[in-house]
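S.K.: For reference, the structure I am asking about is given below.
The values are calculated or read from the model by the stated rules, or taken from the named source; none is laboratory data. Here the structure is a predicted model, which is why all the values come from computation and not from measurement. Neighbour counts are summed over all protein chains in view; Cβ atoms, including those assigned to glycine, are modelled from backbone coordinates with ideal geometry.
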Amino acid sequence: MNYLQEILVISTALFFIGIYGLLTRRNIIAILMSVELMLNSVNINFVAFNKYLYPNSLDGIFFAIFIITIAAAEVALAIAIVINLYRNHDSVDIDSTTLLKY
Amino acid sequence: MDTSKIIFYLLGGFILGMALLAVTEKKIFRSAIWLLFALIGIAGLYFWMALEFIAAVQIIVYVGGIVVLIIFSVFLTHQAEDDMPKTGLSRKIAAGLAVISGAAFTIQLFLNNDFNLSAIPFDSDVARIGTAMLETGTGGYLLPFEAVSMLLLAAMVGCIVIAIRPEKSEKNDSENPPSFSNPPTRNPEPVEGILN
């Protein structure tokens with residue numbers, strides 16, 4: 001195994017740990033944290049592919065930077081929604097947020 | 001086995017261990033702290049790859065911004081010492097099986113792939129990144145840079161609009177138009193027993 005494959009093993013494991021959290025958590029903020037782990041594993045992939053396969057270009061680096069920026073915006077919006085939800089429901093459990101269902 | 005490889009394995013083990021703790025911990029505040037350490041470990045991995053700019057961005061934005069936001073929202077919505085709602089064992093086993101088979105499939109895909117690594121060393125000069133970010137020609141990223149700045153502005157305004165508490169007038173509460181964040185016909189009791 002070369003360095004790239006070892007980094008890919010780590011990022012794949014991180015991505016699937018995030019998916020495990022996404023599937024098993026029932027708290028919205030905990031689900032958000034799992035999504036952050038998945039975004040980070042994708043960032044590691046972009047940066048590693050750029051560094052080891054195409055060292056002359058910078059596209060992977062820029063994708064990672066823009067993903068980090070958009071993740072910040074996403075988390076801020078998601079937390080605004082979570083706080084509003086908590087005001088209406090007194091809970092951030094996903095099983096109790098059934099307002100759109102009836 | 002040289003020092004660089006040992007540091008790499010230590011970093012990888014640290015990241016994966018902290019991430020596992022973050023998704024399995026029962027108390028949400030501790031889970032956020034494990035997530036913080038996992039993100040710091042990822043920044044360390046960027047440092048190990050000699051990409052200091054990305055590592056700095058990771059620490060500033062993720063560790064200094066996103067995790068702090070998550071901890072704020074935990075304090076606004078939880079008793080931090082309470083346990084989170086539990087998941088059933090069958091759901092955990094099903095998720096674990098799906099995750100392990102998916103990870104095994106993906107890992108064998110790229111272990112069998114023959115990457116032809118480039119022999120040129122990567123030049124991680126920050127000036128190169130800065131020039132490309134404000135470049136308009138080929139390889140330039142000025143347009144996405146501006147687009148993402150507009151996106152951040154829109155997200156900021158949207159956050160304020162969503163999270164602001166509507167002002168209630170004390171005299172004639174009935175004449176208030178129904179606002180978005182206080183729906184008049186909400187169901188105060190969440191229906192239990194349908195999804196469990």
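S.K.: Can you tell me which residue in the range B:104-149 is farthest from A:Gly60 (Cα to Cα), limited to those that are surrounded by 12 or more Cβ atoms within 10 Å (Cβ to Cβ) and touching a residue at least 12 places away in the same chain (Cβ under 8 Å)?
M.R.: Taking the candidates together, the pick is B:Phe145.
S.K.: Right, another one. Can you tell me which condition B:Ile28 does not meet? The list is (1) touching a residue at least 24 places away in the same chain (Cβ under 8 Å); (2) closer than 30 Å to A:Lys51 by Cβ; (3) within 7 Å of chain A (Cβ to nearest Cβ); (4) of a type in the set (A, V, I, L, M, F, W, C), and all the others hold.
M.R.: Here B:Ile28 clears every test but (2).
S.K.: Check whether at least one residue in the range B:40-53 is of a type in the set (Phe, Trp, Tyr) and surrounded by fewer than 16 Cβ atoms within 10 Å (Cβ to Cβ), and report yes or no. Before the answer, list the steps.
M.R.: Pass one, the range B:40-53, residues of a type in the set (Phe, Trp, Tyr): B:46-48, B:53.
After this cut, where a residue has to be surrounded by fewer than 16 Cβ atoms within 10 Å (Cβ to Cβ) as well, the list is none.
Scanning the range B:40-53 turns up no residue that is of a type in the set (Phe, Trp, Tyr) and surrounded by fewer than 16 Cβ atoms within 10 Å (Cβ to Cβ).
S.K.: Let me ask something else about it. Restricting attention to the range B:166-186, which residues are at the interface with chain A (Cβ under 9 Å from one of its Cβ atoms) and either modelled with pLDDT of 80 or more or surrounded by 12 or more Cβ atoms within 10 Å (Cβ to Cβ) (or both)? Explain how you work it out, then say what you get.
M.R.: Applying the first criterion (at the interface with chain A (Cβ under 9 Å from one of its Cβ atoms)) to the range B:166-186 yields B:180-183, B:186.
Result: B:Ser181, B:Asn182.
S.K.: Could you tell me which of the residues A:Leu99, A:Leu53 is facing another protein chain (nearest Cβ under 7 Å), more than 26 Å from B:Ile71 (Cβ to Cβ), more than 16 Å from the chain's Cα centre (by Cα) and in contact (Cβ under 8 Å) with a residue 24 or more places away in the chain? Don't jump to the end; show me each part of the working.
M.R.: Working: A:Leu99 fails: in contact (Cβ under 8 Å) with a residue 24 or more places away in the chain.
Among A:Leu99, A:Leu53, only A:Leu53 is facing another protein chain (nearest Cβ under 7 Å), more than 26 Å from B:Ile71 (Cβ to Cβ), more than 16 Å from the chain's Cα centre (by Cα) and in contact (Cβ under 8 Å) with a residue 24 or more places away in the chain.
S.K.: Please indicate, with yes or no, whether at least one residue in the range B:98-121 is modelled with pLDDT of 85 or more, in a helix (DSSP H, G or I), among the aromatic types (Phe, Trp, Tyr) and within 21 Å of the chain's Cα centre (by Cα).
M.R.: No: the range B:98-121 contains no residue that is modelled with pLDDT of 85 or more, in a helix (DSSP H, G or I), among the aromatic types (Phe, Trp, Tyr) and within 21 Å of the chain's Cα centre (by Cα).
S.K.: List every residue pair whose Cβ atoms lie under 9 Å apart, where the two residues are 6 or more positions apart in sequence or sit on different chains, the first residue falls within the range B:36-57 and is on the phi < 0 side of the Ramachandran plot, and the second residue, located anywhere, is surrounded by 21 or more Cβ atoms within 10 Å (Cβ to Cβ) and among the basic types (Lys, Arg).
M.R.: Sorted first by the residue in the range B:36-57, then by its partner, the pairs are B:Met49/A:Lys51; B:Leu51/A:Lys51.
S.K.: Does A:Ala13 satisfy being in a helix (DSSP H, G or I) and more than 7 Å from every other protein chain (Cβ to nearest Cβ)?
M.R.: On the way: in a helix (DSSP H, G or I): yes; more than 7 Å from every other protein chain (Cβ to nearest Cβ): no.
Spelling it out, it is not the case that A:Ala13 is in a helix (DSSP H, G or I) and more than 7 Å from every other protein chain (Cβ to nearest Cβ).
S.K.: Please give the number of the condition A:Phe63 fails out of (1) more than 7 Å from chain B (Cβ to nearest Cβ); (2) under 16 Å from B:Trp48 (Cβ atoms); (3) among the aromatic types (Phe, Trp, Tyr).
M.R.: Going through (1) more than 7 Å from chain B (Cβ to nearest Cβ); (2) under 16 Å from B:Trp48 (Cβ atoms); (3) among the aromatic types (Phe, Trp, Tyr) one by one, A:Phe63 breaks only (2).
S.K.: So which residues in the range A:47-59 are closer than 18 Å to A:Phe15 by Cα and crowded, with 20+ Cβ neighbours inside 10 Å? Walk me through it before giving the result.
M.R.: Our first condition is that a residue be closer than 18 Å to A:Phe15 by Cα; within the range A:47-59, this holds for A:47-49.
A:Val47, A:Ala48 - these are the residues of the range A:47-59 that are closer than 18 Å to A:Phe15 by Cα and crowded, with 20+ Cβ neighbours inside 10 Å.
S.K.: Say whether the condition of being assigned to a helix (DSSP H, G or I), under 30 Å from A:Ala48 (Cβ atoms) and more than 19 Å from the chain's Cα centre (by Cα) is met by at least one residue in the range B:68-77. Write out each step before concluding.
M.R.: At the first step, the residues of the range B:68-77 found to be assigned to a helix (DSSP H, G or I) are B:68-77.
Narrowing the set further to residues that are under 30 Å from A:Ala48 (Cβ atoms) leaves B:68-71.
Now restrict to residues that are more than 19 Å from the chain's Cα centre (by Cα): none.
No, there is no match, as no residue in the range B:68-77 is assigned to a helix (DSSP H, G or I), under 30 Å from A:Ala48 (Cβ atoms) and more than 19 Å from the chain's Cα centre (by Cα).
S.K.: While we're here: Considering the range B:57-87 alone, what residues qualify as being more than 25 Å from A:Asp90 (Cβ to Cβ), among the small types (Gly, Ala, Ser) and facing chain A (nearest Cβ under 8 Å)?
M.R.: Within the range B:57-87, just B:Gly65 meets the criteria.
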